[in-house]
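Worksheet: one structure, shown below.
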Amino acid sequence: MKIILFIFLFTLFSFSFSDPDWDFWLLNMQWPLADCINYANCSVPSWYSSFALHTFEPRTDSNVPVFCDSQYPFNISEISNITYSLAYIWPDFWNFSYPQAFWKTNWEKHGTCSLSVLKTEYEYFYTGYQFRESLDPTTWLWKNNIVPSNTTFYTYDQIDQAVTQAISGLKPTISCNTYLGKTILHEIGFCYGKDLKLFSCSDTLRTNVGEKCGNRTSIWMLDFPNPN
């Protein structure tokens, strides 16, 4: 009987929690229009003109563990003192007035896989918030004459060099979407180690993430109003 009970408890624990295999975090910051342009029920306020935090995911170059601990569900009260700040830098463009559902998904999908380093829900969101506050790709691109435009295209290298220069030669990831047959800038990602320090994303990761950027010579950074 004791053996059966032990097996049951072991199985239950194994189902509810798995120690994921990951090496670093990828902090993805999205250009909002690029995320919403293909969906009627996704909307970006016209005053929102900066990159927004999208995901803060522990991963390897080739794998992203998800939903690692069902024993630790999302609890909005744990981050109540930073929700005002999170609402702007980590918004939900599918439901801008109620981002809690989006935060819940991020926590349960990615935050629970970070527990070996970030021990609480608060640590996870506050760390993502701090990382986001230290990064300003909108301004970095603007300083290199890369601005939202529905008529001007940029190259992958132009975008990459502008961001790389701003973070002391470290390499980001760049991902793209498509709209009306055009390649559009979607996200810029930043790699952080388990020591919470920014480092260069690997060439393997950069290639994998950037595969939708086509020939990389004509990338469109969408602007309001949306192009027809």
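Only the coordinates and a few stated rules stand behind these numbers; no lab work does. None of the values given here were measured: they were computed from a predicted structure. Don't worry about glycine lacking a Cβ; one is built from the backbone with ideal geometry, like all the others, and counts go over all protein chains shown.
Details
- Residues in region 169-228 that are aliphatic (A, V, I, L, M), without any contact (Cβ under 8 Å) to a residue 40 or more places away in the chain and assigned to a loop (DSSP other than H, G, I, E, B): LEU170 alone.
Each row is one residue, and each column tells you yes or no for (1) surrounded by fewer than 19 Cβ atoms within 10 Å (Cβ to Cβ); (2) more than 26 Å from TRP47 (Cα to Cα).
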| residue | (1), (2) |
| --- | --- |
| TYR129 | yes, no |
| THR139 | yes, no |
| ILE174 | no, no |
| HIS186 | no, no |
| GLU211 | yes, yes |
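- Filtered residues of region 108-135 (kept if among the aliphatic types (A, V, I, L, M), farther than 18 Å from PRO172 by Cα and touching a residue at least 24 places away in the same chain (Cβ under 8 Å)): LEU115, VAL117
- SER149 falls short on exactly one of the conditions (1) without any contact (Cβ under 8 Å) to a residue 24 or more places away in the chain; (2) surrounded by fewer than 17 Cβ atoms within 10 Å (Cβ to Cβ), and that condition is (1).
- On inspection, ASP61 qualifies as touching a residue at least 60 places away in the same chain (Cβ under 8 Å), more than 30 Å from ASN150 (Cβ to Cβ) and either among the β-branched types (Val, Ile, Thr) or touching a Leu at 6+ places or on another chain (Cβ under 9 Å) (or both).
- LEU180 meets the stated requirement of being loosely packed, with under 14 Cβ neighbours inside 10 Å and within 27 Å of TYR48 (Cα to Cα).
- Which listed residue is closer than 24 Å to GLU123 by Cβ and out of contact with any helix residue (DSSP H, G or I) (no Cβ under 9 Å at 6 or more places or on another chain), from LYS194, LYS182: LYS194
- Members of region 153-172 found to be surrounded by 13 or more Cβ atoms within 10 Å (Cβ to Cβ), out of contact with any Cys (no Cβ under 8 Å at 6 or more places or on another chain) and hydroxyl-bearing (Ser, Thr, Tyr), listed by number: TYR154, THR155, THR164
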